[in-house]
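Structure first, then comments.
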Amino acid sequence: MVKDLFERIQKNKGPLGMWASQAEGYYVFPKLEGPLSNRMMFHGKEVINWSINDYLGLANHPEVRKVDAEAAAEYGAAYPMGARMMSGHTTKHEQLENELASFVQKESAYLLNFGYQGMVSIIDALVSKNDIIVYDVDSHACIIDGVRLHMGKRFTYKHNDIESLEKNLERAVNMAETTGGGILVITEGVFGMRGQQGKLKEIVALKEKYNFRLLVDDAHGFGTLGKTGAGAGEEQGCQDGIDVYFSTFAKSMASIGAFVAADKDIIDFLKYNLRSQMFAKALPMMLVLGALKRLEMLRTMPELKDKLWENVNALQNGLKEKGFNIGDTNTCVTPVYLEGSIPEAMVMVNDLRENHSVFLSIVVYPVIPKGIILLRMIPTATHTLEDINQTLSAYEAIRVKLENGTYKKIAEQTTVDVSAT
Ligand SMILES: Cc1ncc(COP(=O)(O)O)c(C=O)c1O
């Protein structure tokens, strides 16, 4: 007898969905209200907000809001209609592509409606079944999903581990010699959970020994790293060695959309082969005009990035001075590693939000190993020294309660189900 397809889904909600009844509306799917900024409203109270990727503070910048509103008034949400190839092409889309390409020091660029789908299609378009993909095991889900479409071989290498990459490149070379294909290496410019930069310089150096092309997802590096904000490759002095550069507008650009940049012949190929763009409506004009404004601000207002880094340094140095483990971040992403169970983590985050007015994201198993709690913070240009000092004091207070078992006791007394830890 054929089972009802929904039977499994109704029973097993998945590794994150299993927490829904205890977590939804608070730990997951929280509602942050009010203008996007360093302080927002949560459950009717003001909190210091460390959870949005508005690195440069553009989300609610008056100049950005003005251009967004004017563009919406002039074009509405629809224009242009249709896919770029068919009826959705405009000179403004082209202008934005040209400006993005020059900003990230590449010949050419192409717009994507969403980073996630765009990345899936970029990988799909770049490789054929004879090609081999070698990618960092901790890659973002959009890379994993792109690799899932690949009909040929793929190897993962240990996270940011060049020795492991080399071993897998040797395997890939052997394989490619029999299939007659090429090799694509994929990494992130910045790993968004722990904040390490991908070791781009070392990866690029391996090109002298192995014949491969490099695709970099620089979602968190774009606008935050490098002298001009061109990202992790610029920061490490190896932007030229990145064959295909990708970033989203969802972080420093505080919007929706994304782009891919490379040599002109590669972008010309992608324009005609990126299925997520060929068969989807073009990015609306109001977003294109908004992105042009944001990019102009990235270029002409270096003080935004300077302010961001002032805050990053104050927060990260403050945490280190107080003895907190922030791992090996070398970017704005600021993780704090603590030891404890998931129920303890939930009680602790509740304490942070309710009694210290600090709102941050909590990352637990299965994203990180069991027994570790990762509190993840994204400093932005809108944060103040007062926000940072208040947060540092809150950290000191929660550490005491975590270490003296207060959170454990509360977790045991409440309905939090500890069986899954
Ligand atoms: C590393 C990384 N790649 C890709 C994406 C997806 O981009 P988008 O939000 O534009 O779909 C994200 C999240 O925004 C990301 O963090």
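The values are calculated or read from the model by the stated rules, or taken from the named source; none is laboratory data. If you're wondering where the values come from, they're calculated on a predicted model, not measured in any experiment. Glycine gets a Cβ as well: all are built from the backbone with ideal geometry, and neighbour counts include every protein chain shown.
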Report task. Examine the stretch 97-110 for a residue that is of a type in the set (Val, Ile, Thr), at pLDDT 95 or above, in the same structural domain as LEU184 (by TED's automatic domain parsing) and surrounded by 20 or more Cβ atoms within 10 Å (Cβ to Cβ), and state whether such a residue exists. Result -> yes
Query raised in the report: What number of residues within the stretch 245-258 are in contact with a strand residue (DSSP E or B) (Cβ under 8 Å, 6 or more places away or on another chain) and over 17 Å from VAL190 (Cβ atoms)?
Result: 1
**Report entry** strands (runs of 3 or more DSSP E) contained entirely in the stretch 323-421, each with at least 1 residues that are under 20 Å from ASN311 (Cα atoms) and without any contact (Cβ under 8 Å) to a residue 60 or more places away in the chain
**Finding:** 334-339, 372-377
**Report entry** Output for the stretch 337-359, where each listed residue is closer than 29 Å to GLY223 by Cα and either buried (at least 22 other Cβ atoms within 10 Å of the Cβ) or out of contact with any strand residue (DSSP E or B) (no Cβ under 8 Å at 6 or more places or on another chain) (or both)
**Finding:** VAL358, PHE359
Report summary line: When every residue in the stretch 216-234 that is within 16 Å of the ligand (Cβ to nearest atom) and part of a helix (DSSP H, G or I) is compared, the one farthest from ASP138 (Cα to Cα) is GLY233
Report summary line: Only one of ILE133, ILE203 is more than 30 Å from TYR337 (Cα to Cα), modelled with pLDDT of 95 or more and crowded, with 17+ Cβ neighbours inside 10 Å, namely ILE133
Report summary line: The correct count of residues that are of a type outside the set (A, V, I, L, M, F, W, C), more than 20 Å from ASP217 (Cβ to Cβ) and assigned to a helix (DSSP H, G or I) in the stretch 134-188 is 9
Query raised in the report: In this structure, does VAL147 turn out to be within 16 Å of the ligand (Cβ to nearest atom) and closer than 26 Å to ASN330 by Cα?
Result: no
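Which of the residues that make up the stretch 1-54 are basic (Lys, Arg), touching a strand residue (DSSP E or B) at 6+ places or on another chain (Cβ under 9 Å) and surrounded by fewer than 15 Cβ atoms within 10 Å (Cβ to Cβ)?
Listed by number, the list holds a single entry, LYS31.
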Report task. Could you tell me whether TYR26 is closer than 29 Å to GLY192 by Cβ, outside any helix (DSSP H, G or I), out of contact with any Asp or Glu (no Cβ under 9 Å at 6 or more places or on another chain) and not small (Gly, Ala, Ser)? Result -> yes
Report summary line: ARG171 passes all but one of the listed conditions (1) in contact with a strand residue (DSSP E or B) (Cβ under 7 Å, 6 or more places away or on another chain); (2) touching a residue at least 40 places away in the same chain (Cβ under 8 Å); (3) surrounded by fewer than 16 Cβ atoms within 10 Å (Cβ to Cβ); the exception is number (2)
Report task. Within the stretch 237-269, track down each residue that is part of a loop (DSSP other than H, G, I, E, B) and either away from the ligand (no atom under 16 Å from the Cβ) or crowded, with 20+ Cβ neighbours inside 10 Å (or both). Result -> GLY237, CYS238, ILE242, ASP243, PHE249, LYS251, SER252, MET253, ALA254, SER255, GLY257, ASP263
Report summary line: Expected output for the stretch 74-93 (first residue without any contact (Cβ under 8 Å) to a residue 60 or more places away in the chain, partner in a loop (DSSP other than H, G, I, E, B), Cβ below 8 Å, 6+ apart or cross-chain) is SER87/PRO80; SER87/MET81
Report task. Evaluate the following for LEU274: is it within 16 Å of the ligand (Cβ to nearest atom) and either at pLDDT below 95 or more than 27 Å from ARG65 (Cβ to Cβ) (or both)? Result -> yes
